[in-house]
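A short worksheet on the structure shown next.
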Amino acid sequence: LGNARRYDAAQAQSILSTDSMLLSDAFYARQAAFLAALGKRIGFPISIMRMSIENPDDLTAEQREALPGLVRDATVQVLRTTDLAFEFKSGNWQYVVVLPNTPMPQTGIVVDKFRSAVLKKLGSNAVRLSVECEPLVEPREGTGLAQTLPAVEEYARQTQFLLALARRTRFALSVVRLSVSVNVQLPPTLRMKLPGALLAAVRENLGDSELAFNLERSGLVIAVLLPGVD
């Protein structure tokens, strides 16, 4: 039971899907909420492109197995570095691409390129590929905050992504590093409370468009990315 709980917790925090090596749907929930707040604060549009295979049963087993990799390859070759492709497990063979700084009228160009790239790599005339776009909306209220912060792996990926987006959209990007030095004379009962106290302090002062990360497993070193802040 303990192993199962640890596996579920790791999956919830995972950035990449182990099946497709695309960004995971769990990460999509966090990233979509963050980008919605960031776009509203900085002032740039964000659109979402959803792709699904309408007739997966008409494909061979080899084609179905290769599909996630083909989507990943098409993403790398066709999309921009600031476009993010996610596996979306709520439906059959669904994928979601987030397009920052892309208004809805401009999504048609992206859709055509992406559709052509996937179909060419799949090499099948029988597949029916559905691609639809919609504007990114604010997440529903009442979803609550995670009990833990994303780890250093996600910090590295988010930093790389935000740097590219900041250069493209021309907004400032800063980072604040918070750390707690533990006094050896501090009673163990108080030491155990330090990570929770630091997390609570960060949560209390964190805006919707700001991201915090645990840089160490101790929970005593936290980095906060501040988009739009000199």
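The values are calculated or read from the model by the stated rules, or taken from the named source; none is laboratory data. The shown structure was predicted, so the numbers you read here are calculated from the model rather than taken from an experiment. Reconstructed Cβ throughout: ideal geometry from the backbone, glycine too, with neighbour counts over all protein chains shown. Protein only, heavy atoms only, side chains kept; ligands, DNA and RNA dropped before computing areas. Shrake-Rupley method; radii C 1.70, N 1.55, O 1.52, S 1.80 Å.
Some points to look at:
- Picking from residues in the range 79-92 that are open to solvent by less than 60 Å² (accessible area, probe 1.4 Å) and at pLDDT below 80, the one that is farthest from Leu22 (Cα to Cα) is Gly91.
- Residue check: Leu23 meets all listed conditions (1) among the hydrophobic types (A, V, I, L, M, F, W, C); (2) at pLDDT below 85; (3) closer than 20 Å to Leu149 by Cβ but one, namely (2).
- Residue in the range 179-190 that is touching a Ser or Thr at 6+ places or on another chain (Cβ under 8 Å), polar (S, T, N, Q) and either over 17 Å from Arg41 (Cα atoms) or surrounded by 14 or more Cβ atoms within 10 Å (Cβ to Cβ) (or both) present: no
- Count of the range 32-53 residues which are of a type in the set (S, T, N, Q) and either surrounded by 20 or more Cβ atoms within 10 Å (Cβ to Cβ) or in contact with a helix residue (DSSP H, G or I) (Cβ under 7 Å, 6 or more places away or on another chain) (or both): 1
- Restricting the range 196-210 to residues that are of a type in the set (D, E, K, R) and over 14 Å from Thr148 (Cβ atoms), the residue that is surrounded by the most Cβ atoms within 10 Å (Cβ to Cβ) is Glu210.
- Condition check for Val127: in contact with a helix residue (DSSP H, G or I) (Cβ under 8 Å, 6 or more places away or on another chain), touching a residue at least 60 places away in the same chain (Cβ under 8 Å) and either crowded, with 17+ Cβ neighbours inside 10 Å or in a loop (DSSP other than H, G, I, E, B) (or both): yes
- For first residues located in the range 25-54 and within 18 Å of Glu132 (Cα to Cα), partners that are surrounded by fewer than 19 Cβ atoms within 10 Å (Cβ to Cβ) and of a type in the set (D, E, K, R) and lie 6+ apart or on another chain with Cβ distances below 6 Å form the pairs Asp25/Lys89; Ile48/Glu134; Arg50/Glu132; Glu54/Arg128.
- For the range 165-178, the set of residues classified as loosely packed, with under 14 Cβ neighbours inside 10 Å and in contact (Cβ under 8 Å) with a residue 12 or more places away in the chain consists of Ala172, Ser174, Val176, Arg177, listed by residue number.
- Residues satisfying the stated conditions in the range 54-78, i.e. touching a helix residue (DSSP H, G or I) at 6+ places or on another chain (Cβ under 7 Å) and open to solvent by 10 Å² or more (accessible area, probe 1.4 Å): Pro56, Gln63, Arg64, Leu70, Asp73, Gln77, Val78
- When the helices (runs of 4 or more DSSP H) confined to the range 139-230 are screened for residues that are under 29 Å from Leu22 (Cα atoms), aliphatic (A, V, I, L, M) and modelled with pLDDT of 80 or more, those reaching at least 2 such residues are found at 152-169.
- Within the range 93-123, if we keep just the residues that are surrounded by 14 or more Cβ atoms within 10 Å (Cβ to Cβ) and in a loop (DSSP other than H, G, I, E, B), the residue that is modelled with the lowest pLDDT turns out to be Trp93.
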